Structures are given as C-alpha cells and as structure tokens.
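The structure appears right after this line, and notes come after that.
Where a number appears in this text, it was derived from the coordinates with a stated rule and is not lab data. It should be emphasised that the depicted structure is a prediction, and the values quoted were computed from it without experimental measurement. No Cβ is skipped: glycine too gets one built from the backbone with ideal geometry, and neighbour counts run over all protein chains shown.
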Amino acid sequence: MNAPGRPGPPGPARVRLATLGGMDYVSALVPPFVMAAFFIALVVTIVKSQGGSNKSKEDAAVDAVIARAEAARQQQN
C-alpha cells in the first residue's frame, strides 16, 4: 500500500482517442452512423420491394380484402 500523497506505480499504457470535453469522438459518432446505415438499408429494401412482377398479385389481394370488407358492411345494413 502506498503512503498518503505518494503516487502508486504507473498503470498500463492507455491509448487515448481525441476527446471533446471528456467524450470520445468515436463513441459519440458510432451510434448515429449505425442508425443511419440501418435506415438507409430499410429505405432501400422498401423501395426495391415496390412494384415488380408481384405488384399485380399484391394489388389483387388488397382489392379482394377491401371488397370483402365492403360486402360485410353492406350485409350489416
């Protein structure tokens, strides 16, 4: 144990990153970049899934559901 007021032995060398007010730049920037990457991937996936050869099948399925819902509503009246 060290005497009061005397520093202990030096610890292992630490790699210091550039900081701004004690916050690591890397730690501050990684989450927004990860979220942006996932958001871009989501938008690309949505855009690619629109249209194409299955568009008419999807439209027909939606039209059938709407027709069933309207028929059920008319039967209630």
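Taking the criterion of being part of a helix (DSSP H, G or I) and among the polar types (S, T, N, Q), the residues of segment 56-77 that qualify are SER56, GLN74, GLN75, GLN76.
In segment 24-51, the residues that are free of Cβ contacts under 8 Å to residues at least 40 places away in the same chain reach residues that are loosely packed, with under 10 Cβ neighbours inside 10 Å with C-beta atoms within less than 8 angstrom, at least six apart or across chains, in these pairs: ASP24/ALA18; TYR25/ALA18; ALA28/LEU20. Of all residues in segment 46-55, those being loosely packed, with under 10 Cβ neighbours inside 10 Å and in a helix (DSSP H, G or I) number 3.
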